[in-house]
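Below is one structure, written out as structure tokens; comments come after it.
Please treat every number below as a calculation from the coordinates, not as lab data. Given the structure is predicted, the values throughout are model-derived calculations rather than measurements. Note that each Cβ is placed from the backbone with ideal geometry, even for glycine, and that neighbours are counted across all protein chains shown.
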Amino acid sequence: MSRRRKVLRIFGALFVVGGLLLSSMAGTVRAQRPHDNITLTFWIWSDDPLNHALIEPYFRQFEKIHPGITIKWVAVPTDNNYVKYTTAIAAGRGPDVILTPNFNPPIPEWAANQLIQPLDPWFKQLNISQNQWMPWVWKMQNFHGRVWGFVQEYDTTLFIWNKDAFKKAGLDPNRPPRTIAELDAYDKKLTKFDSKGNLIQAGIVPWAQLGNDPRYWAALFGGSLYDQDKRQYTLNAPANVAALDWMGKVAKSLGGAAKANGFLNKFTGNADPLYTGQVAMEVAGDWYPPQVYARYAPKMNYGVAPPPTAPGVPYGTNIVIGSDVFVMPVGARHPLESAELMLYMMRADPVLKWCIGEANVPPTVSGLFNPKYVQGVPFMSMAVQTARMALKNPAVLRPYPTSSLFDYVGSQYSTAMQQVEYGKMSAKAALDNVQKVALDYVAKAKQQNPDWYGGGD
Amino acid sequence: MDNLDRAGRSSAELAAGGAAQAVHRQRARWWTSTRGIERIKIGAVFLVLCALSLLYFLPIYWMISTSLKVDAQIFTNPPTWIPNPIRWSNYYDALNDAISHFPFLQDLRNTLTITVPAVTGTVVSSSIVAYSLARIKWPGRDILFGLILATMMIPQWVTLIPLYIFFVKIGWVGTFLPLTVPSWTGDAFSIFLLRQFFRQQPQEMFDAAGIDGANHFGMFWRIVLPLAKPALAVVTLFSFLNNWTDFINPLIYLSDPSMYTLMLGQYAFFGAHHTYWSELMAADVMILAPLVVLFFFTQRFFIEGVTFTGLRG
Amino acid sequence: MRRRRELLFGLLFASPWIVGFLVFTLYPLSSSLYYSFTSYHITGTPYWIGWSNFQEMFTDDNLFWVSLWNSAVYSLVSVPLDVSVALLLAVMLNMAIPGRRIFRTIFFLPQIVPGVVMAILFVLLFNTQDGIFNDLLSVFGISPIPWLSSPDWAMRSLILMTTWGVGNSMVIFLAGLQDVPAHLYEAARLDGAGSFRLFRYVTVPMVSPVILFNVVLSIIASFQTFVVPFIVTNGGPLNSTMLYPLQVYLNAFQNFRMGYASAEAWFMFLIIFGLTLLTLRLSRGVVHYS
């Protein structure tokens, strides 16, 4: 046979085989279920094996229940990650599901700027109900008339004290202060200066660590920065002024904010002034005991309790200081399957596994009141107690503000706090000023984006 | 420019005259004490450098010592300067998924895949463009130079999104191309640097070559480039550094972890609510060690061993 | 004819950059210029608002003037400081010092250290009560300075911190010093010049193009850096270290006001461009080229 004919024969054979294969595949394609060969891309900020262990088993379960779906885990570095998310989503190259490590930013900003899509269309289809979540969590997910994501966990604060420092100062190491008045009294006993007037130990520096969150002390004095229902800022409410006044007083008793800040290791995060012995009491997040104290100060003898409150404010009042949220970016290729996955992760099992493993608070009814939770993280029983109180009295645990301008307003408030701490302004003047700045800023935003800011931020 | 010519000529005359006198002076004793003064000067400078280098070495020292510490010693007050015990296993842990998945070799391969073409492109294209700005007289040259300078003055944050969208449209997002190809069109910083160096080169050499009939290609290849070895070495070094430690661009253009670079990979040690500092520092030491080695051994290209053959002989 | 030939060669050699500009730079630059006259929230469509952004910047934004002033002070002080330190280090490291290769590496190392680590280090050094600097000062009987916790000192500390970053300029000076003809030094020495006069009348004029280069680059860089100071002082205390480029970043990627951020960026461009032109013009009588 000539070479040419041989080649033609081979090609012919290939054509036939290829055609057969293709047609057989077409047949199988038609025969498969609707979820065929979908890859859901999942972006998370962490590649921590701990987080993998807390989430991936449920991903694999989901894949088993929905054959044809594969979930791809992509860890996005935390630095500048909002740049990454924004550029990708804006160009239509975002993932299907994102788990963010914080609530605000970015959730309200993303909602206001159409980077994530509301989940309401799938509520009926997937039988989702508001009652799955605690009311304050629901208020974080549901704003401006739509549901923007599912909170996976939320964090509250813990009041931590160094038991050895209490003993040395003649205080009962097992009894923390429960009111602001008691806190002041304890502070007097625990704050020590040397002969030159420099701090050796501070009782508490109210604006250290998480105390620097503008909402924290305001809440303990019964105030709040943002009215969720009216969608308005209430920065200069009398309770907020009272809280800031108190902070200014404490700053003075420490010798001034410059001295106190110079005394502290100002680097936040894992360099913590409690375990370095610089302060005796501090405001910490619920993740501190396992992630910070256990790692960096395993021998420290410390106590955990709810924070002290002002008169008239129930003991057990706390704030939601942050949360992780599942969201679906605009442009997700498989929104139904993404919504299914997000809902799947809201079941008691995955929620409890994460919240016990990370010592966070479950956002769902099925998770928070499940006895396994308190068994798994005993010191978080106070979070459960706070939750029960908050069901009857919403002021006990306020949701994180859903204002998309809160990042800017919050930083202005922090500046006001500093002005009072440094003795440059009175609390009332500083907060009146910030309220004005915030209102101006909201008005500006309204001008440029009336659709979103029309009914208030 | 005239000043320098005049300075050069008068110094040459002085040198010729002074040489004769130097021979005469060698016999006198103050020549020896000059050497003594030299020694004292060098000694003083040495001490100053020692003191300053303690400060400059501190960051690296902190990295290395933290990479060898147990967690409890990292944030003590006062700081623990010498780890005790020394935990060499942090390095092992960082590489072997004990804490988090940090595929060092894979990320290294990716980083090299980007850095080598990018550096080559920068050096080649920037020197070509710099030659045009420094050694060819053409109308509009200074305007172009101004334009190149101007592009350095806009922060990247506001051009990031349009550029990203452009790369999406041509299908380059998700590949290494946005990280390597633009380097082949010249980098403003390198162009500026090389232009300054090229302009510093003595005019006499170019005049001589011009008389000999060399065209621009010849002058570029045979005169400008060899004389500019220190500057080219500097450009290579900086370009290598910038590409190796670039974070933002790999962050937005790469979404597949198997393509991540070393700078992205180190984020494996930023956990959910905390940072694995000792393993992170171990990873950083490994990521940055090649840069230190590179600098140490390429010093001589831009510092020593370069003789200025131009005007002598 | 010759002119035309030079023009062609000029364009030919410059073509890599021109092509790159047309393909990769022109569109993003003109987009961002356009955005500065719009209200643009990254995902929506930008709509034209004319000069409103600039109006708001100048009249309605309290942080604008604060950060602009801070950046101006920061640049005007840190640029001459850093260039001088870099030059002095380069001159010293160009001498026949034993171990100079190690010294040069050490002074260059902070360039490659991640910003997060530098931030930790600066806190260790500048901490008021236990910081290394204050410990040293107390040896001389000087009372502790509130480096980072006082609004007055924070900016000064920030400027000091940037001297850790002179490694790049130092390397460029080292390369430039190689091109200083040795015979000029010999001639001047034979004339009886001491070290200072050598430095002032031989070294400085001969590396003046490089000095100009480093000055221009430092000006540009000083208006673009904000990461390390942001981590160390977070713009505080009391906004004393709030720098202008930080504003651009926050407005772009946290407040999602890309139009406004673009306006701020282009205003910053005008300032840097003006400063650079001024520097180049002032340098005409001072810088020597071959």
- Message: Using DSSP H assignments, which helices in chain A have an axial alpha-carbon span of 27 Å or above and a mean Kyte-Doolittle hydropathy of 1.6 or higher?
- Response: none
- Which whole number gives the average count of other chain Cβ atoms within 10 Å of the Cβ atoms across peptide C:194-200? 1
- The size of the Cβ-based charge dipole (Lys, Arg +1; Asp, Glu -1) of chain A about the Cα centre, to the nearest 20 debye, is 1060
- Item | 18 Å Cα-Cα reach of residue A:446 towards lysines, excluding residues that sit fewer than 8 places from it in its own chain | A:230, A:436
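Please tell me the relative contact order of the stretch B:104-302 in percent, rounded to the nearest whole number, where contacts are Cα pairs under 8 Å and at least six residues apart.
In percent, rounded to a whole number, it is 34.
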- Task: Take peptide A:43-56, look around each residue's Cβ out to 10 angstrom, count Cβ atoms belonging to other protein chains, and average those counts.
- Result: 4
- Task: Using the Karplus curve 6.51 cos²θ - 1.76 cosθ + 1.60 with θ = phi - 60°, work out ³J(HN,Hα) for each residue of the stretch C:153-162 in order, rounded to whole Hz, and write x for Gly and Pro.
- Result: 8, 4, 5, 5, 4, 4, 5, 4, 4, 5
- Item | Volume per residue that the Cα convex hull of the stretch C:1-47 spans, once the total is divided by residue count, Å³ | 85
- Query: If exposed trypsin sites (Lys or Arg not before Pro) are those in a DSSP loop with at most 10 other Cβ within 10 Å, what is the longest stretch of chain A that has none?
  - Reply: A:1-195
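Among the listed pairs A:188/A:428; A:139/A:424; A:259/A:299; A:84/B:229, give every one whose C-alpha distance is greater than 32 Å.
Flagged as over cut-off: A:139/A:424; A:84/B:229.
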- Working out 0.36 nm times the residue gap between residue B:256 and residue B:222, then minus their Cα-Cα distance, what length gain in nm do you get to one decimal? 7.8 nm
- Note on the structure: Each label sits 7 Å from Cα toward the beta-carbon; between residue C:286 and residue B:72 the label points are separated, in nm, by 5.8
- Query: If you place +1 on the Cβ of every Lys and Arg, -1 on the Cβ of every Asp and Glu, and leave all else neutral, what size is the dipole of chain C about its Cα centre, to the nearest 20 Debye?
  - Reply: 1140
- Amide H neighbours of residue A:143 under 5 Å, counting only residues 5+ apart in sequence or on other chains, H built in-plane at 1.01 Å? A:148
- Message: Using the crude model of +1 on Lys and Arg Cβ and -1 on Asp and Glu Cβ, and no other charge, please compute the dipole size for the protein assembly as shown relative to its Cα centre, in debye to 20.
- Response: 2260
- Under the 7 Å Cα-to-Cβ spin-label approximation, residue B:105 and residue B:40 lie apart by a distance in nanometres of 6.0
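For the protein assembly as shown, rounded, prolate or oblate, judged on the Cα gyration tensor with a ≥ b ≥ c (square roots of eigenvalues), a/c < 1.5 rounded, else prolate if a/b > b/c?
oblate
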- Item | Principal axis dimensions, chain A - Cα atoms, whole angstrom, descending | 108, 54, 46
- Take residue A:391, project a point 7 Å from its Cα along the Cβ direction, then tell me which residues of the stretch A:118-157 have their backbone nitrogen under 17 Å from it. A:130-139
- Task: Answer with one residue from B:281, B:80, C:54: the one whose Cα lies farthest towards the positive end of the charge dipole of the protein assembly as shown, charges on Cβ with Lys, Arg +1 and Asp, Glu -1.
- Result: B:281
- Only helical DSSP H runs with n ≥ 4 go in: add -39500 (n - 2.57) per run for the protein assembly as shown, normalise by residue count and round the 222 nm mean residue ellipticity to 500 deg cm²/dmol. -18000 deg cm²/dmol
- Task: Work from the charge dipole of the protein assembly as shown (Cβ charges, +1 for Lys and Arg, -1 for Asp and Glu, about the Cα centre) and give the residue of A:181, C:240, C:96 farthest towards its positive end.
- Result: C:96
- Over chain C, relative contact order from alpha-carbon pairs under 8 Å, at least 6 apart, %: 29
- Message: Between residue C:65 and residue B:297, what is the label-point separation in nm under the 7 Å Cα-to-beta-carbon projection?
- Response: 5.7
- Note on the structure: Partner shielding of C:149-156, as the mean number of partner chain Cβ atoms within 10 Å, equals 3
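Rounded to the nearest 0.05, what FRET efficiency do residue C:182 and residue C:278 have when you use their Cβ-Cβ distance and R0 = 35 Å?
The formula returns an efficiency of 0.50 here.
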- Put +1 on the Cβ of every Lys and Arg and -1 on every Asp and Glu Cβ in the protein assembly as shown; which of B:122, C:177, A:326 then has its Cα farthest towards the positive end of the dipole? C:177
